[in-house]
Amino acid sequence: MTQLDRLAMAMIAYDEGDPKRIHHFLKVHDFARLIGLAEGLDERTLFRLEAAAYVHDIGIHEGERRFGRNDGKIQEDLGPAETEKLLGTLGFDGEDIARISWLVGHHHSYGSIDGPDAQILAEADMLVNQYEDGVTDRKRNEALYRRLYRTETGKRLFEALYFAEYPAHA
Ligand SMILES: [Fe+2]
């Protein structure tokens, strides 16, 4: 197992009993990895992106436990410290921990996107959220597409999921 696989297992253990959250971060990770590979990220940036995708919502349970809420703000406030603890126990490098924690602390703040890892994490998260939240309204999806999507791969995936027509099942 690679360090990323160990992180995936540790994050599943962290979220145990909550299959919805576990499915969510596994899907976000897969989209993020695909986009990162297709966009030609260097190895270290891809590693940080993949790790951030696994842990990006780590603040949710802590927010629910301590404050009874799990909105984007509380996730961004509580996520980085939880990230540092978890990655520390798995022996991640200090600079990697710093960047991954920053990504976790800003993943709902599109205005602060400052690199391809932050951009792709946000794109991958919303590829999954629109489906999980049942957003089928074309105008809402188009508005998000224009506001957020910048990578060619992210755009293509969003189009395939939310703009392409699939004939009704027989
Ligand atoms: Fe998410």
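Readers should treat all values here as calculations from the given coordinates under stated rules, not as data from a laboratory. Quantities reported herein were computed from a predicted structural model and do not represent experimental measurements. Ideal geometry is used to build each Cβ from the backbone, glycine not excepted, and the neighbour counts take in all protein chains shown.
Data table
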read-out	value
Fewest-first sequence of Ile60, Ile113 by Cβ atoms within 10 Å of each Cβ	Ile113, Ile60
Exposure proxy order (Cβ contacts within 10 Å, fewest to most) of Ser109, Ser101	Ser109, Ser101
Most mobile of Asp30, Asp133, Asp125 in a GNM of the chain (Cα contacts under 10 Å)	Asp133
Relative contact order (%) - criterion: Cα under 8 Å, at least six apart; region: the chain	23
Kirkwood estimate for the range 98-158, i.e. one over the average of 1/r between Cα atoms, Å	12.1
Inter-centroid distance (Cα atoms) of the range 29-63 relative to the range 131-170, Å	20
Cα-centred dipole magnitude for the range 3-162, charges only on beta-carbon of K, R (+1) and D, E (-1), debye, nearest 20	480
Fewest-first ranking of Ile100, Ile58, using other Cβ atoms within 10 Å as the exposure measure	Ile58, Ile100
Per-q log10 I(q)/I(0), the range 45-159, q = 0.21 Å⁻¹ (Debye; single scatterer per alpha-carbon; no solvent)	-1.16
14 Å beta-carbon shell around Gln75, net charge (K/R +1, D/E -1)	-4
The range 28-91: trypsin sites (Lys or Arg not before Pro) in DSSP coil with no more than 11 other Cβ atoms inside 10 Å	Arg69
Convex hull projection area averaged over all views, the range 1-68, Cα basis, nm²	4.9
Value at 222 nm in deg cm²/dmol, rounded to 500, when DSSP H runs of n ≥ 4 in the chain each add -39,500 (n - 2.57)	-23000 deg cm²/dmol
Neighbour-limited loop hits for chymotrypsin sites (Phe, Trp or Tyr not before Pro), the range 54-137 (at most 14 other Cβ within 10 Å; DSSP other than H, G, I, E, B)	none
